[in-house]
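Okay, so here's the structure we're looking at.
No value in this document is a laboratory result; all are computed from the given coordinates. All values derive from a computational prediction rather than experimental measurement. Using ideal geometry, Cβ is built from the backbone for each residue, glycine included, and neighbour counts are taken over all protein chains shown.
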Amino acid sequence: MIRLYYALLALVLSTTTLLAQQGTIKGQVYSATSHDPLEFATVRVQGTTQGATTDSLGRFTIPSVQPGFVRLVVSMLGYETTISSEVHVLGNQTSFIDIALNETSTSLAEVLVRPNRLLKRAESPLSLQTLSLKQIEKSAGANRDVSKLVQTLPGVGATDPNRNDLIVRGGGPSENVFYLDGIEIPVINHFATQGASGGGVGMINPDFVREINFYTGAFPASRTNALSSVMEIKQRDGDTDRMHIKASVGASDAALTLEGPLGRKSSIIVSARQSYLQWLFKAIKLPFLPTYNDFQLKYKYRFDAHHELSIVGIGAIDNMRLNSQLQTTGTEVQRYILSYLPEYKQWNYTIGAVYKHYGRGHVDSWMLSRNMLRNGGVKYQGNDPAQGKLSEYQSDETENKLRYERMYTSLPFKLSFGAGLRYADYSNDAERLIYQSGRIVPVSYDARVKLFAYSAFAQASDEYLNQRLKLSLGVNLVGNTLNSTMSNPLPQLSPRFSASFALTDDIDLNANLGRYAMQPSYTTMGYRASDGSYVNKERLRYIMSNQAVLGAEYHPGDYLRFSAEGFYKSYSGYPISEREGVSLASKGTDYGQVGDEAVLSKGLGRAYGVELVARLMPWHQLSATATYTMFRSEFTDISGIYRPSSWDTRQMLNLLVSYRLGKSWFLSARWRYIGGAPYTPIDMELSTNKDAWAVTHRAYPDYERFNTLRLPDKHQLDLRLDKEFYFKHWMLNLYVDVQNAYLSSSVSAPIYTNLDTSGRVMDDPTDPSRHQLRKLDYYSKLVLPTLGLIIKI
């Protein structure tokens, strides 16, 4: 495969007659209120004089646009001046975009004086970041992985270079929700951690993405069940000129995308991806070999200007087996990992339909969806099925959801409300060995829980003082039928209030106060003890969080943005492990599952800090962003003592730069600095017990000293270089991405083995029931280069 890449590269570079051809942008401008097309709207390529005027159907065509990433500025008397999401212009290709304009009662002159405030959302005036198409396609170190790219945003932490966990403003990895064109999707990563948000590789195909809005606070009332973040992924429609085929080969997989019209009123975009990550992992001698496939679909049918139907789907099949050859040829660390790591099999899907009706003075949206996750894992003694199982786990989560939302568009103020129903079916078959009361005890259970859940919301927003002051008040409530406490919506009543004030034309002051509720994971709600009882059923309640955010934004001119935000989050009702005595907020970044244990809903928590952002918008082909977060994250243990969470790295710094060199060359770089994460020393007394070790083949943490030690700080540089070639009927993009370019070392928590350098068990000479332990150095110091290829026909 690598030889093929280099052959293609040599062939293309040797062609001297290729020039960067120009592209075309087509689209439609319509009213966000009525969805009717708008005639005589002016559409201009931002930063240029190129443009067009819409016809009677709201359509426009802008020819001869230089290849690259551009935005369109749309203006029309009686409507807000609007800047579109990014459009990727390709040579000899046509790019499509539809743009909605909001009505305004102000004059055109007033709109042009203060365009930035008109774009600010009254319900979420701060803690909202937007990922553009250019960032998704060209960012260094992300390899077009949406989940990895989100980890570069302010307030978002990273746990491991090989993991996509979202740790947002010190909250746990289970506190995030995701929406795909309005359909909630519980899984966005391959090899997902059941009960949390992480995984190994992102599932979202970037070929589908138009824009991503990522909320780290000030969540709209319509988005329930989130404590740390809401990710809204907006997909583009399939191109409507003709059928296109796009093939890409990246760091870990190969993808094929097909898109185009299916008649005059409909379009489709569909893709399939298959990994070859297992070959790479085997070549660099990693102890696990992952294989994955995923599929994605969007079908759009427009009945007329006022009625449309979208069908979206996404699914994955994952399999992670062990690299058993390393049991004899691997290093000590590789053999240690093989001794405890299970094999995993997992699949999931979400399928949903979104129907929208644009009426007179309102917009109605109906969302119907179904999602399922099957998660399984097995661990054999000595990785040999003939020696028997140490553990086996299989669990199914199924949800059927119906949601309705109405937004009024003709009132003197903005008003929206809605409600939703969810039916969930959870099952779990588990067998494992545990060390308890001085002996090895087999534990098995067969659990099943069915429940209904409901939600409702309302939000109103308005503007005052000539649009300088924006206020928004929202409320939602949730409940489910697991127990009488959670079925009552009043304890989960969650109001929120946002305010934004334009102090000057360049300075905005923003604030948000809110209360948020999150349902415990199904793994926790459905846990069944070995005696057959559902011990968590009556104990559990919703996890609640009160949050406050205060910020200021300074935007001198069209190219610079500076912002500062301070945040405070307090938690109550967080589940605490009854056996270990620590909060589940500090769990959830291992493969498999989290939360399938007896818990007590009495944990408290707090996370607070400040975020600073400086951004240079595209200026002379240069873009740059610097983000700095300083924070603390603490949760109580079973004794009520606050302990640092496992994500309390104290500070994070990201520097991102991208530059278009000319002739369709793109260069980008990312440098990240993360403070040292806390970790827990081992319980030497328990870990040296041979019977206890035989159950896990790992040392046991000393939870009495939970997170009392700290790792060194981490830093890393990633680089990427792209080159696009445009032919008459197709385009080629070649890129080189280098992660950890200067070979920085990433130190992990110490690991211990009970074997000597020859592979023999180190018996304790004074006690035959015990062994001795030896510490192994465990760190990563690896440069990972990738050569990628993308072809669109």
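Some points to look at:
- Cα-based values for segment 203-348, radius of gyration first and Dmax second, are 20.4, 66 Å.
- For PHE635, PHE295, PHE208, the sequence from fewest to most other C-beta atoms within 10 Å is PHE295, PHE208, PHE635.
- Between helix 2-13 and the chain: long-axis angle, C-alpha atoms, 0 to 90°, nearest 10: 20
- Principal axis extents of the Cα atoms in segment 688-733, from largest to smallest and rounded to whole angstrom, are 70, 28, 13.
- Volume in Å³ per residue [convex hull over Cα atoms, computed for the chain]: 152
- Restraint check, LYS138/LYS246; LYS389/LYS537; LYS282/LYS714, Cα-Cα greater than 21 Å: LYS389/LYS537; LYS282/LYS714
- For segment 539-634, GluC sites (Glu not before Pro) are listed when DSSP marks them as loop and at most 15 other Cβ atoms sit within 10 Å of their Cβ; the list is GLU578.
- Size of electric dipole in segment 146-792: Cβ of Lys, Arg +1 and of Asp, Glu -1, about Cα centre, debye, nearest 20: 1020
- Within the chain, DSSP assigns beta bridges of which about 95% are antiparallel (rounded to the nearest 5).
- Summing Lys and Arg as +1 and Asp and Glu as -1 over all other residues whose Cβ lies under 12 Å from the Cβ of GLU704 gives a net charge of -3.
- Each of VAL146, VAL168, VAL610 was scored by other Cβ atoms within 10 Å of its Cβ. Arranged with the fewest first, they read VAL610, VAL146, VAL168.
- Filtered chymotrypsin sites (Phe, Trp or Tyr not before Pro), segment 365-426: DSSP coil and at most 15 other beta carbons within 10 Å: PHE413
- Qualifying trypsin sites (Lys or Arg not before Pro) in segment 718-777, DSSP loop, other Cβ atoms within 10 Å at most 11: LYS728, ARG760
- Between segment 115-193 and segment 711-773, the Cα center-to-center distance that results, in Å: 24
- Euclidean distance between Cα centres, segment 211-235 to segment 246-288, Å: 26
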